[in-house]
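Report on the structure given below.
The values are calculated or read from the model by the stated rules, or taken from the named source; none is laboratory data. Computed from a predicted model, the values in this text were never measured in an experiment. Note that we place each Cβ from the backbone using ideal geometry, even for glycine, and neighbour counts take in every protein chain shown. Heavy atoms of the whole protein, side chains included, go into the accessibility calculation; ligands, DNA and RNA do not. Shrake-Rupley method; radii C 1.70, N 1.55, O 1.52, S 1.80 Å.
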Amino acid sequence: MKTKIFCDIADYKTIKFFNKKNIVDGFTTNPSLMRLAGAKNYKNYSIKILKICKKKPISFEVFADNPGDMLKQAYKINKWGKNVYVKIPVVNSKGVFMGKVIKELSAKKIKLNITAVYTFEQVKKIIKCLNKNSKSIISIFAGRMADKGKDPMPIFKKSITKTKKYNNIEILWASTREPYNFLQAKKIKCNIITMPPSIIEKISSFGKSYKDLTIDTVKGFLNDSQKSKFKI
Ligand code: E4P
């Protein structure tokens, strides 16, 4: 079983670059990444991306905060392209579970990426709302959890075991912080990991020998001391 690599980015040029690379199987965006990419018009910017990314799955998130408006945005986003996954936050900003939204969209076979997930309780509730014949992703935020001193491994292990029997539900390791997270995700057979371009670049050089690593490290220190003309 392969752990697919998605690129976590909304920058147009970077998506264009990685869309041609085999290492990347898809893309995830979120409103913060869209803002960072300088998107002014959410729809136009997304459609511009979809003109160059026509096949690989790509998630675009709703940003409404109430179920009614969330549904309206989701139906619109879904129409932008066949490879689009509509990203729905598991709760709104008041902490209310968005089960009704998930259920309605999934029943209509709209591909969903349920995001901002932090607990196994949430995963179980999401699964209950999902149409098992429709493609869905559940994004668990490993890095943000670990940033706060919480171990992400137990929720991943339980969620992967729980969704194993559903071919259309994939668990995604979101909020990746370091290249080693890829090996952790692979070990537990996580379906997808999404990571920023800088980490994808680092993964491409996986497998370097200890001998090369030790020499590269010493060379780096030597170069810097020479550039600074250090003397003792
Ligand atoms: C992906 O779908 C998430 O939006 C993303 O991985 C969040 O990453 P961050 O915690 O680095 O912002």
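Using only the Cα atoms of the range 1-78, what are the Rg and Dmax in Å?
My reading of the Cα-based Rg and Dmax gives 13.1, 39 Å.
At a Förster radius of 41 Å, what calculated FRET efficiency corresponds to the Cβ-Cβ distance of Asp224 and Ile188, to the nearest 0.05?
Once rounded, the FRET efficiency stands at 0.60.
So, taking all protein chains as they sit and a 1.4 Å probe, how much accessible area belongs to Phe221, in Å² rounded to tens?
Accessible area, nearest 10 Å²: 140 Å².
Calculate I(q)/I(0) for the range 49-200 by the Debye formula, one identical point scatterer on each C-alpha and no solvent, and give its log10 at q = 0.10, 0.11, 0.16, 0.17 Å⁻¹ to two decimals.
Debye output, listed in q order: -0.33, -0.40, -0.88, -0.99.
With every protein chain kept in place and ligands, DNA and RNA left out, what is the accessible area per residue of the range 4-207? Probe 1.4 Å, answer in Å².
Result: 51 Å² per residue.
Given a 1.4 Å probe and every protein chain left where it sits, what share in percent of the accessible area of the chain is carbon and sulfur?
Ligands and nucleic acids excluded, carbon and sulfur reach 55 percent.
Which FRET efficiency, nearest 0.05, do Lys20 and Asp216 yield, Cβ-Cβ r, R0 30 Å?
Computed FRET efficiency for Lys20 and Asp216: 0.60.
What is the Cα convex hull volume of the range 53-114 when expressed per residue in Å³?
Value for the range 53-114: 67 Å³ per residue.
R0 = 45 Å: FRET efficiency of Ile232 with Arg144, Cβ-based, nearest 0.05?
The computed FRET efficiency comes out at 0.55.
Picking from Asn22, Asn113, Asn30, which is most flexible by a Gaussian network model of the chain using Cα springs under 10 Å?
The residue that fluctuates most here is Asn22.
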